1. Go through (1) within 22 Å of the chain's Cα centre (by Cα); (2) within 13 Å of chain B (Cβ to nearest Cβ) one by one and return the number of the condition A:GLY278 breaks.
2. Of everything in segment A:105-127, what is surrounded by fewer than 24 Cβ atoms within 10 Å (Cβ to Cβ) and either outside any helix (DSSP H, G or I) or of a type in the set (S, T, N, Q) (or both)? Give them in sequence order.
3. Go through (1) crowded, with 16+ Cβ neighbours inside 10 Å; (2) more than 20 Å from A:LEU183 (Cβ to Cβ) for B:GLY278 and report which single condition fails.
4. Pairs, please: C-beta under 8 Å, at least 6 apart or cross-chain, first residue open to solvent by 10 Å² or more (accessible area, probe 1.4 Å) and in segment A:285-303, second modelled with pLDDT of 95 or more and acidic (Asp, Glu)?
5. Quick check on A:ARG154: is it within 23 Å of A:ARG78 (Cα to Cα) and without any contact (Cβ under 8 Å) to a residue 12 or more places away in the chain?
6. Got at least one residue in segment A:226-236 being over 30 Å from A:SER211 (Cα atoms) and either in the same structural domain as A:LEU287 (by TED's automatic domain parsing) or within 17 Å of the chain's Cα centre (by Cα) (or both)?
7. Condition check: under 19 Å from B:ALA213 (Cα atoms), touching a residue at least 40 places away in the same chain (Cβ under 8 Å) and in a helix (DSSP H, G or I). Does A:GLN174 satisfy that?
Protein chains: 2
Amino acid sequence: MIIQPQITRIGWIGAGVMGAGMCGHLIRAGFAATVFNRTKSKAEPLLKAGAAWAENPRAVAEASDVIFTIVGYPADVRRVILGPDGVLAGCKPGNVVVDMTTSEPSLAVEIAQAAARRKVAAIDAPVSGGDVGAREASLSIMIGGDAQAIESLRPCWKAMGKTFVRQGGPGAGQHAKMVNQILIADNMLGVCEGLIYAYKAGLDLETVMQSVASGAAGSWSLSNLGTRIIAEDFAPGFFVEHFVKDLGIALNEAKRMKLSLPGLALANQLYLSLVAHGHGRSGTQALQLTLAEMSNIDWRKRRANK
Amino acid sequence: MIIQPQITRIGWIGAGVMGAGMCGHLIRAGFAATVFNRTKSKAEPLLKAGAAWAENPRAVAEASDVIFTIVGYPADVRRVILGPDGVLAGCKPGNVVVDMTTSEPSLAVEIAQAAARRKVAAIDAPVSGGDVGAREASLSIMIGGDAQAIESLRPCWKAMGKTFVRQGGPGAGQHAKMVNQILIADNMLGVCEGLIYAYKAGLDLETVMQSVASGAAGSWSLSNLGTRIIAEDFAPGFFVEHFVKDLGIALNEAKRMKLSLPGLALANQLYLSLVAHGHGRSGTQALQLTLAEMSNIDWRKRRANK
């Protein structure tokens, strides 16, 4: 696999909340960027920062050495990379394709195989850290693929993230991200159940947090999202509908691997109930509303009810 | 309620791993201690440190201003405090009884009522932090009861813990501890499921931890018990059988409050399976063995299987 030792031209596909922030860091780090986004207006800040526009993913690839994608669902990844006007159609031997969408491990393997036939390296590199991590370049990047290709992109990883770790071959980055989401899903259930128990038992929620948040029951979700739940702030850091996509991928992979994950399955069902109640565009901490609903509690009116 | 302004004589009942460490801190802080334990030999270190021995809980109370109990199950709490030779039988008006066992909130209320009839204050003050917290005086103490009585014991709380917070009236300390255990139970399920997914997906577990432990998926349990699971170290920090007791109390309370906690109920069932397989005296992280068993994986032989 030939990797160009000096990457200067990057392509970027997907200028959502995450992608816009991440690509912005690469531009500021000195990379010449060519961008495409389904909705062009969302790419305006990047164009103003000096990025060139391309009409489709293929055209992005034709102008670039390394092409990054971060889009919505696995079907979007498939179209954007493997489609007729997709990234691979515009790639030259020695190019590197990096999908940073949280997507299917098996699709990452399929892309890597299709890329290899064109002497192109394909890397899966989903991230955790959310919009704040994208903005502050503090993401954790979980990387799967060819070790040499991954190493050649070190300046890019450093520009976007605080932690970047190669987890193995193609798909391993996606698998690591699934581990991340499983940990979060089960723990969010605990955060919600703990807080609703505290409320129903008549405790003051802030006072309970003083006792439990910094000890063995402590977690990032409790300290950060628990606080938002108490404040009845259900605005999205991370959309419920995207989380439900991720949990579906994890459960499918688990089924394929003959792996029983009862906690994840339960969390998934409760998140589906949350979507059914119209909260797909709320933040993941809105799971509290489902737990409250199950026990006939109106979480948002609880202060008035006291 | 008359509280003696200078407490010098403490009573201590329960010299297990937790109690021995906590009482030792009080003795070193200058309190004169009288102790009782069902098995006298376990109290020997405290007797050597200067504590006096009493033949039963009543005799402990007769020699003390404040009497602490930390025993096993709610039935033990009931016998030791409310029984014929129990603490209350030996109490004088103005005494304070502090139960630090993790026990039933309703029993804490019952004890407080029985104590009040004798002009005795009763406080529930369960702790989190485990054997290490007891040894290092870094416990989180969750306290329920009369505010003035609790305040009068400040020197005792400071000698034993790092965090001590009044959560409300009688039973509120126990309720806060239930919140703590609910948070831990659901999160432990996530830690186990995340790690078994990682293993089955062929990832290196230590490498996955590098990506997930310090971000949004991070927790005390993942960093501390996850590491032990990876090392196949199932020695008890906290016994499974005690945790199962706590989860049972939490589920009973939830039922009484008409509160649906599906994640806790699931975790409880899986912990019961763990007990059924003979792991009651393992540490709570042994839940991994139940998750592995469900997917027909022998976690302890996984390295050889690779």
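The values are calculated or read from the model by the stated rules, or taken from the named source; none is laboratory data. What you see is a predicted model, and the numbers here were worked out from it, not measured in a lab. Note: ideal-geometry Cβ built from the backbone for every residue, glycine included; neighbour counts use all protein chains shown. SASA here: full protein model, heavy atoms, side chains in, ligands and nucleic acids out. Shrake-Rupley method; radii C 1.70, N 1.55, O 1.52, S 1.80 Å.
1. The failed condition is (2).
2. A:SER106, A:GLN113, A:ARG117, A:ARG118, A:LYS119, A:VAL120
3. Every condition holds for B:GLY278 apart from (1).
4. A:ARG300/A:GLU232
5. So A:ARG154 fails the test.
6. Scanning segment A:226-236, I find no residue that is over 30 Å from A:SER211 (Cα atoms) and either in the same structural domain as A:LEU287 (by TED's automatic domain parsing) or within 17 Å of the chain's Cα centre (by Cα) (or both), so the answer is no.
7. yes
Yes/no matrix, rows are residues, columns are (1) within 13 Å of chain B (Cβ to nearest Cβ); (2) small (Gly, Ala, Ser):
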| site | (1), (2) |
| --- | --- |
| A:SER152 | no, yes |
| A:PRO170 | yes, no |
| A:ALA176 | yes, yes |
| A:GLN181 | yes, no |
| A:ALA201 | yes, yes |
| A:SER211 | yes, yes |
| A:ASP233 | no, no |
| A:GLU241 | no, no |
| A:GLY248 | no, yes |
